[in-house]
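J.: My questions all concern the structure below.
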Amino acid sequence: QEQLVESGGGRVQAGDSLKLSCVAPRPTFSRHAMGWFRRAPGKDREFVAGISWSGGGTEYGDSVKGRFTIFRDSGANTVYLQMNSLKPEDTAVYYCAASATVVTMMHRPAGNYWGRGTEVTVSS
């Protein structure tokens, strides 16, 4: 299966910002919606944000609305997640995902392409 490559995770303090990046290694993904999920220790995987292939449509999970922004550079086949006002509950492994549409990404995650994840730790 195709592999997406995430970067940008790290350890920060509550209130700090962090930007995650995900590079799609092949031009195929330029026509895919892309997005981010996360899995916190002991919790289920959670949808964080998604963006359409054109960049014109975005969706966010309720817990990150107003704090996180997803955007993409189609020319570089890269999607970004700008995370502001981070909270300890944002601590998780963040996974990049790609799918035909944001809706399928959110509701049929078994069919997504995935990255290996990048870890974000937010301390209080």
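The values are calculated or read from the model by the stated rules, or taken from the named source; none is laboratory data. Since we're looking at a predicted model, the values are computed, not measured. Here the Cβ positions follow ideal geometry from the backbone for every residue, glycine too, while neighbour counts run over all protein chains shown. Just the protein is used for accessible areas: all its heavy atoms, side chains included, with ligands, DNA and RNA removed. Shrake-Rupley method; radii C 1.70, N 1.55, O 1.52, S 1.80 Å.
J.: Counting only heavy atoms of protein chains, what accessible area per residue, in Å², does the chain have with a probe of 1.4 Å?
T.: With the other protein chains kept in place, the chain gives 51 Å² per residue.
J.: Hey, which aspartates and glutamates would be in cross-link range of K65, C-alpha to C-alpha under 17 Å, not counting anything within fewer than 8 residues on its own chain?
T.: D16, E46, E89, D90
J.: So what is the 222 nm mean residue ellipticity for the chain from helices alone, if each DSSP H run of at least 4 adds -39500 (n - 2.57) and you divide by all residues, rounding to the nearest 500 deg cm²/dmol?
T.: It lands at -1000 deg cm²/dmol.
J.: Applying 1/(1 + (r/R0)^6) with R0 = 25 Å to the Cβ-Cβ distance of W114 and S63, what FRET efficiency is obtained, to the nearest 0.05?
T.: 0.75
J.: Right, here's the next one. Could you tell me how far the Cα centroid of region 4-60 sits from the Cα centroid of region 99-124, in Å?
T.: That distance is 6 Å.
J.: Also, I was wondering about something else. Within the chain, what whole-number % of the accessible surface is contributed by carbon and sulfur, with the 1.4 Å probe and all protein chains included in the calculation?
T.: 47 percent
J.: Once ligands and nucleic acids are excluded and a 1.4 Å probe is used, how much of R39 is accessible, expressed in Å² to the nearest 10?
T.: That residue has around 100 Å² of solvent-accessible surface.
J.: Using 0.36 nm per residue of separation minus the Cα-Cα distance, give me the extension gain between E46 and T121 in nm, one decimal.
T.: Stretched fully, the E46-T121 segment lengthens by 25.4 nm.
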